[in-house]
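This report concerns only the one structure given below.
The values are calculated or read from the model by the stated rules, or taken from the named source; none is laboratory data. The structure presented is a predicted model; accordingly, all values stated were derived computationally and were not measured. Positions of Cβ are generated from backbone atoms using ideal geometry, with glycine treated the same way; all protein chains shown enter the neighbour counts.
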Amino acid sequence: MLTMLLTFTAFFLIVGIPIGIAFVIFGLDFTEILRLRNLESLFLGSAELLNKYFAMALVLFLSLIIYILSVTLLWVFTIGGVAGVIKNFVIEPVDHISLRMFFREGKQHFFSVLGFSAITGAIFIVVAFVLGVGGGLSRKVIDFARGQEETLALFLSIFFMLLLLSIGLFLIIISLSITFYGIAYLVFNKTGAFKSISGTIRYLINKPSSVGFYIILMLGYLLMSFVVVFITSPFTLIPIIGAVLALPLQILNYAAQSYMSLVMIASMFHLFYHHNFLPSESSTDESDTSKQLTQEPSDAQTQEAPPDTDRPENTSQTHQ
């Protein structure tokens with residue numbers, strides 16, 4: 001929540017203040033934008049405004065670039081620190097979590113999380129590109145079929161819509177699973193970005209139930225978010241009190257969603273730690289059975305020992 005607060009504050013400090021200063025220095029008149037009536041005048045007027053206020057546009061562009069870079073680095077540090085703290089708590093639960101632990105883990109995993117975020121961002125771009133290409137091809141096929149027969153075009157439109165929806169959901173779920181479990185792989189094994197990606201893919205192939213577990217957690221997160229929004233939204237509709245309660249309810253809503261997201265991440269970290277660093281139940285059962293097999297001959301020998309000790313007495317009694 002502190003990171004989110006810093007994100008909003010940084011927007012006003014990095015983007016808002018330079019724009020306000022440039023507005024005063026260059027004397028920008030926003031009434032010129034309001035006089036643009038249609039789309040043609042909007043483009044022509046935008047070109048004229050850009051030529052007239054080029055320095056203002058340059059200040060705005062640089063401010064946005066600096067803001068995006070600073071917020072990205074802040075969130076990378078936060079994700080690394082939070083993941084490291086959850087990892088330490090999963091391995092050995094403690095009574096107190098300090099900010100010193102958070103900053104130590106954030107500095108330790110900063111560059112690896114930064115590289116991992118860049119790779120996962122590229123994966124989502126590729127997924128969006130694939131879905132866009134698939135949507136364009138399906139649209140062309142539907143347009144061609146509509147020229148032949150309307151019924152066939154209707155069938156193909158429904159078929160391609162369901163197909164793209166299924167493929168899109170599958171790719172998004174797999175990408176998000178790689179992202180969350182990849183962070184767990186990175187902080188638990190202390191590996192680099194590429195090795196974490198490859199190791200996470202092998203883990204998901206060997207343990208496909210992890211993807212199902214993520215789907216269950218995501219459905220629970222969406223359900224709880226809907227419940228929180230459903231409870232808090234009616235209060236904002238009250239005529240006078242609603243405007244006063246809007247900001248506190250929004251903060252409460254974000255706090256609840258943040259807590260649920262941390263519960264989801266911690267649950268996935270627990271599952272990852274159980275699969276990779278704790279002995280499975282099958283291996284413990286095998287070790288128990290092997291111990292029993294090794295103990296059975298000794299027990300049999302101890303049971304057969306008394307007749308051997310009594311054998312000389314029995315022979316002497318027969319001679320007598």
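Annotations for the structure displayed:
- Number of the exception - SER261 against (1) free of Cβ contacts under 8 Å to residues at least 60 places away in the same chain; (2) part of a loop (DSSP other than H, G, I, E, B): (2)
- VAL94 meets all of the listed conditions (1) farther than 30 Å from MET268 by Cα; (2) surrounded by fewer than 12 Cβ atoms within 10 Å (Cβ to Cβ); (3) in contact with a helix residue (DSSP H, G or I) (Cβ under 9 Å, 6 or more places away or on another chain); (4) modelled with pLDDT of 60 or more but one, namely (1).
- Residue within segment 103-117 that is of a type in the set (Ser, Thr, Tyr), over 20 Å from the mean Cα position of the chain (by Cα) and modelled with pLDDT of 90 or more present: no
- Residue under evaluation PHE129, criteria (1) modelled with pLDDT of 90 or more; (2) over 30 Å from SER198 (Cα atoms), criterion not met: (2)
- Any hit, segment 150-173, residues being loosely packed, with under 13 Cβ neighbours inside 10 Å, over 21 Å from GLY134 (Cα atoms) and over 14 Å from the mean Cα position of the chain (by Cα): yes
- Qualifying residue in segment 78-91 (condition: modelled with pLDDT of 90 or more, in a helix (DSSP H, G or I) and of a type in the set (D, E, K, R)): yes
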